[in-house]
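Single-structure report; data block below.
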Amino acid sequence: MRKRFIAFTLLFSSMLSGVSYATNEEIEVTPDIPAVYAASTQGKKAYVSQMEIYLDGEQVKPIAYLISVDAYGAYTYFKLRDLAYLMNGKDCQFSVDYDEETRQIITKSGEKYVPNGSEMKASSSGDQIAYQTDSQILLDGKKVEMEAYSINGNTYYKLRDMGEVFGFDVSYKDSSRQAIIRTPSYTGPDTPETSEPDTPETSEPDTPETSEPDGNSPSDIITPTPEPEPEPTPNKVDGKLTVLIDVGHGGTDPGAGGTAPYAFFTYQNRKVNAGGGIYETDFNLPVALCLRDLLEASGANVIMSAETDKTVTFSERKKIIESNANTADMLISIHHNAFNGNASGFDILAQIKYKNGGDGYELAQSFEKEYLEAGRKRHAPTTFREGSNGDYYAILRYAANVDLLAIISEYAYIDNANDVECILSNEGVEREAQAMHDAILDFYSTHEY
Ligand SMILES: [Zn+2]
C-alpha cells in the first residue's frame with residue numbers, strides 16, 4: 001500500500017511543481033504563501049470530519065478533515081498544533097515553532113507547547129480545500145517523514161503518524177466513528193462510558209457452549225469450568241494456515257449499487273458526487289487487499305481470486321476454488337449488500353451442511369462477534385440457504401463440493417446512506433478487514449488447520 005502511495009505522491013508532487021515552474025513568471029506570488037500552493041488550484045476536497053476523538057478517556061475536539069488521498073481512499077487529518085496543544089502537560093508533550101526562513105516546522109519533545117491562538121478552531125467553517133505540502137518537520141533536530149496537507153495555512157497530518165512520531169497510541173473504534181488516543185502513562189478507560197480499556201486482542205474466549213447458566217443464576221455469575229479454556233494465540237500462526245479470498249465482482253461487473261450520501265472519492269480514486277453511484281467493487285477489493293496484508297503479517301498464506309479490479313467469471317472462480325481445495329483451509333468471499341435502501345447491518349452467509357453446528361457455524365459466529373465488536377449491527381442471523389443442488393450460493397456450493405470451509409461476508413448495505421458511512425474512509429475499510437482477520441484467527445485458535 002505504501003509503495004502505491006509513494007508512487008502517487010511523486011506523480012502528484014511533480015505535477016504540482018511542473019505547474020508552479022511553468023507559471024512562476026506570470027503570477028505574482030504572495031511572499032508568505034509557498035509558491036506551490038499559490039500557483040496551483042489542484043487541491044483536494046477536505047470534508048469536515050464527524051469522528052469523535054477521545055484523549056486519555058476524555059472527549060476532545062481538535063479540527064479534523066477527511067481527505068481523499070490515494071487509490072484506497074480517504075484518511076482523517078489533524079492539525080499538528082492542536083495535538084501539541086492537547087498534549088501539553090502530558091508525558092509526550094512537544095513544542096511547535098515555524099522557521100520562516102527555512103520553511104521548517106521545528107518540534108521538540110518534552111517541551112511545553114506555546115499556543116499561538118489558532119488551536120482547536122478552524123480558520124473558516126465547512127469543507128475546505130487541502131493541498132499536499134512538502135513542508136519539512138524536524139523533531140529534536142531530526143527530519144521526520146509524515147504525509148502532510150495544508151489547509152488555510154495550517155499543516156495537517158494523520159493521527160496515527162503523529163502518534164508514532166510523538167509517542168502516543170492511536171486506535172479506532174465503532175467503525176471508525178471514534179478515535180482513541182492514549183498517552184504512555186495513562187491507564188484509565190478509553191472513553192467516559194466504558195469502565196475497561198478496549199483491548200480486543202486480550203479479550204476472554206467465548207463462553208463455551210457447555211457452560212450455560214443453570215437457569216436460576218443471573219447471567220453475571222460465571223460458573224467456573226472444570227478445565228481452563230486454551231488461551232487463543234491469534235498472532236502465532238505457524239505459516240500453514242492458508243486462506244483463499246474470493247473478491248466479489250470486479251471488472252465489468254461492479255456488483256450491487258448504492259448512492260453516495262455526500263461527494264466522495266472511492267478507493268480507486270473515482271470522484272462520486274453526492275447522489276452519485278457507488279458499487280460493491282469500490283469496497284470489495286480494497287477490503288480484500290487489506291485483509292490479505294493483515295493475514296500475511298500474522299503469518300498466514302493467502303490466495304486471492306483477484307488482486308486487481310478485473311472480471312472473474314463464476315466458472316473461473318469455481319476453477320480457483322477447485323485447484324486450491326487441498327491447500328486452502330477456508331474461503332472468505334467478500335461482498336457488500338444492497339436491498340431497498342432501508343436495510344442495514346451485516347449478514348454472514350454460511351454453508352448449509354453446518355446449519356445445525358460445526359465448523360461453518362462456528363466460523364460464522366466468530367465473524368459475527370468481531371463485526372459486533374467493530375461497532376456493526378447484525379441485519380439477520382447467519383443465513384444457511386439451501387438450493388436445489390446443495391448450497392444456494394454458488395461460491396459456497398463450489399467450496400462445499402470440494403470439502404472446503406467457506407463463508408460469505410456482507411459487511412454493510414451500500415444502498416443505505418447511514419449504513420455505508422462505516423466504510424467511506426480508509427479507517428473504516430481497515431476496520432472491516434481487521435475484524436475479518438481477527439475472526440479468522442480467533443476461529444483457528446481453537447480449530448485445526
Ligand atoms: Zn456481491
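Where residues in the stretch 308-339 are exposed (fewer than 12 other Cβ atoms within 10 Å of the Cβ) and within 26 Å of the chain's Cα centre (by Cα), which of them is nearest to the ligand (Cβ to nearest atom)?
Here the residue is 311.
Tally the residues that are within 16 Å of the ligand (Cβ to nearest atom) and under 20 Å from residue 291 (Cβ atoms), restricting the search to the stretch 368-397.
3
Taking the stretch 243-271 as the search range and keeping residues that are among the β-branched types (Val, Ile, Thr) and crowded, with 18+ Cβ neighbours inside 10 Å, which one is farthest from the ligand (Cβ to nearest atom)?
Only one residue tops the list, namely 243.
Within the stretch 314-356, track down each residue that is outside any helix (DSSP H, G or I) and over 24 Å from residue 411 (Cβ atoms).
325, 326, 327, 356
Could you tell me which residue of the stretch 168-186 is surrounded by the fewest Cβ atoms within 10 Å (Cβ to Cβ), considering only residues that are touching a Cys at 6+ places or on another chain (Cβ under 9 Å) and at pLDDT 90 or above?
183
Can you pull out every residue in the stretch 340-368 that is under 21 Å from residue 433 (Cα atoms) and exposed (fewer than 14 other Cβ atoms within 10 Å of the Cβ)?
Listed by number, the list is empty, since nothing qualifies.
Here is a check on your reading of the model: is residue 281 among the polar types (S, T, N, Q), more than 19 Å from residue 440 (Cβ to Cβ), within 16 Å of the ligand (Cβ to nearest atom) and in contact with a strand residue (DSSP E or B) (Cβ under 7 Å, 6 or more places away or on another chain)?
For residue 281, the condition - among the polar types (S, T, N, Q), more than 19 Å from residue 440 (Cβ to Cβ), within 16 Å of the ligand (Cβ to nearest atom) and in contact with a strand residue (DSSP E or B) (Cβ under 7 Å, 6 or more places away or on another chain) - is met.
Of everything in the stretch 400-418, what is away from the ligand (no atom under 15 Å from the Cβ), not in a loop (DSSP other than H, G, I, E, B) and not polar (S, T, N, Q)? Give them in sequence order.
Matches in the stretch 400-418: 400, 405, 417.
Filter the stretch 272-298 for residues that are assigned to a strand (DSSP E or B) and touching a residue at least 60 places away in the same chain (Cβ under 8 Å); which is surrounded by the most Cβ atoms within 10 Å (Cβ to Cβ)?
278
Under the condition of being at pLDDT 85 or above and assigned to a strand (DSSP E or B), which residue from the stretch 53-75 is surrounded by the fewest Cβ atoms within 10 Å (Cβ to Cβ)?
Among residues in the stretch 53-75 that are at pLDDT 85 or above and assigned to a strand (DSSP E or B), the one surrounded by the fewest Cβ atoms within 10 Å (Cβ to Cβ) is 59.
Can you list the strands (runs of 3 or more DSSP E) found entirely within the stretch 113-152 that contain at least 2 residues being within 16 Å of residue 49 (Cβ to Cβ) and in the same structural domain as residue 45 (by TED's automatic domain parsing)?
Answer list for the stretch 113-152: 128-133, 148-151.
Only one of these conditions is not met by residue 91: (1) surrounded by fewer than 17 Cβ atoms within 10 Å (Cβ to Cβ); (2) under 29 Å from residue 374 (Cα atoms); (3) in contact with a Pro (Cβ under 7 Å, 6 or more places away or on another chain); (4) not hydroxyl-bearing (Ser, Thr, Tyr). Which number is it?
The one condition residue 91 does not meet is (2).
The values are calculated or read from the model by the stated rules, or taken from the named source; none is laboratory data. What you see is a predicted model, and the numbers here were worked out from it, not measured in a lab. Methodologically, a virtual Cβ is constructed for each residue, glycine included, from the backbone with ideal geometry; neighbour enumeration extends over all protein chains shown.
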